[in-house]
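**Q** Got a structure here, written out as structure tokens. Questions coming.
Each value in this text was obtained by applying a stated rule to the coordinates, not by laboratory testing. Source: prediction; values computed, not measured. We place every Cβ from the backbone using ideal geometry, glycine too, and count neighbours over all the protein chains shown.
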Amino acid sequence: MNPTCPLCQPTPYETLWQDDFCRVVLLNDTDYPAYCRIELLAHVKEMSDLAPSQRARMMKVVFAVETALREILNPDKINLASLGNKTPHVHWHVIPRFENDKHFPNSHWGEALRDGHPAQLGENVIAVLTDKISAHVQCALNC
């Protein structure tokens with residue numbers, strides 16, 4: 001635990017799933033309302049600092065979130081990213097992308113190419129997403 005690291009603190013975002021290893025949060029970005037992040041709970045800087053079994057566990061959660069988002073939203077593409085340049089704490093971004101989003105086909109961190117008007121996620125969609133993520137993670141970790 002690092003007291004200056006924002007990912008070591010309780011999350012201000014909605015937690016969709018969590019265990020004693022990591023959590024899945026919904027960033028609910030204005031332009032990317034289904035943007036999720038998987039955050040390792042331990043303060044570890046790089047994936048290669050984790051034991052192989054922990055790396056595999058983290059990726060199982062990342063892929064479970066990707067699968068749930070694909071099933072519910074049917075995006076044109078899913079972007080997966082692990083940067084940590086500003087926050088040196090293992091975390092993965094899972095971002096559903098649509099051909100009409102502000103930045104497509106470029107990175108969502110780049111310059112906007114058009115105005116985006118994404119549909120916001122209703123509470124019912126968030127509930128379904130929470131259930132799907134939980135089911136996919138449980139299967140990935142226990143099957």
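**Q** Could you give the length gained by full extension between Asp20 and Gln120, i.e. 0.36 nm per residue of separation minus their alpha carbon distance, to one decimal place?
**A** 33.0 nm
**Q** What number, rounded to the nearest 500 deg cm²/dmol, is the helix-based mean residue ellipticity at 222 nm of the chain, given -39500 (n - 2.57) per DSSP H run of at least four residues and division by all its residues?
**A** Result for the chain, helices only: -10000 deg cm²/dmol.
**Q** May I ask you to derive the relative contact order of segment 6-142, considering only C-alpha pairs under 8 Å and at least 6 residues apart, and to give it as an integer percent?
**A** Once normalised by length, the contact order is 26 percent.
**Q** So which trypsin sites (Lys or Arg not before Pro) in segment 79-109 are both in a DSSP loop and have at most 14 other Cβ atoms within 10 Å of their Cβ? List each step's numbers first, then the result.
**A** Values: sites: Lys86, Arg97, Lys102; in loops: Lys86, Lys102.
Here the trypsin sites (Lys or Arg not before Pro) that fit, given the DSSP loop and packing criteria, are Lys86.
**Q** Quick one: net charge of His136's neighbours, Cβ under 11 Å, K/R +1, D/E -1? Intermediate values should be presented prior to the final figure.
**A** Numbers: positive: Lys60, Arg70, Lys132; negative: Glu66, Glu71, Asp131.
Here the count lands on 0.
**Q** According to the square roots a ≥ b ≥ c of the eigenvalues of the Cα gyration tensor, what is the shape class of segment 48-143, taking rounded for a/c under 1.5, prolate for a/b larger than b/c otherwise, and oblate for the remainder? Intermediate results must be reported in sequence, preceding the final value.
**A** Numbers: a/c = 2.48, a/b = 1.27, b/c = 1.95.
Oblate shape, in that a/c is at least 1.5 and b/c is the bigger or equal ratio.
**Q** Could you tell me how far the Cα centroid of segment 16-84 sits from the Cα centroid of segment 85-128, in Å?
**A** Cα centroid of segment 85-128 versus Cα centroid of segment 16-84: 13 Å apart.
**Q** Restricting attention to segment 46-143, which GluC sites (Glu not before Pro) occupy a DSSP loop and are surrounded by at most 16 other Cβ atoms within 10 Å?
**A** Counting only loop positions with at most 16 other Cβ atoms within 10 Å, the GluC sites (Glu not before Pro) in segment 46-143 are Glu46, Glu99, Glu111.
**Q** Which lysines, on any chain, are close to Lys132 with Cα under 27 Å apart, when same-chain ones fewer than 8 places away are left out?
**A** Once the sequence-local lysines are set aside, what remains near Lys132 is Lys60, Lys77, Lys102.
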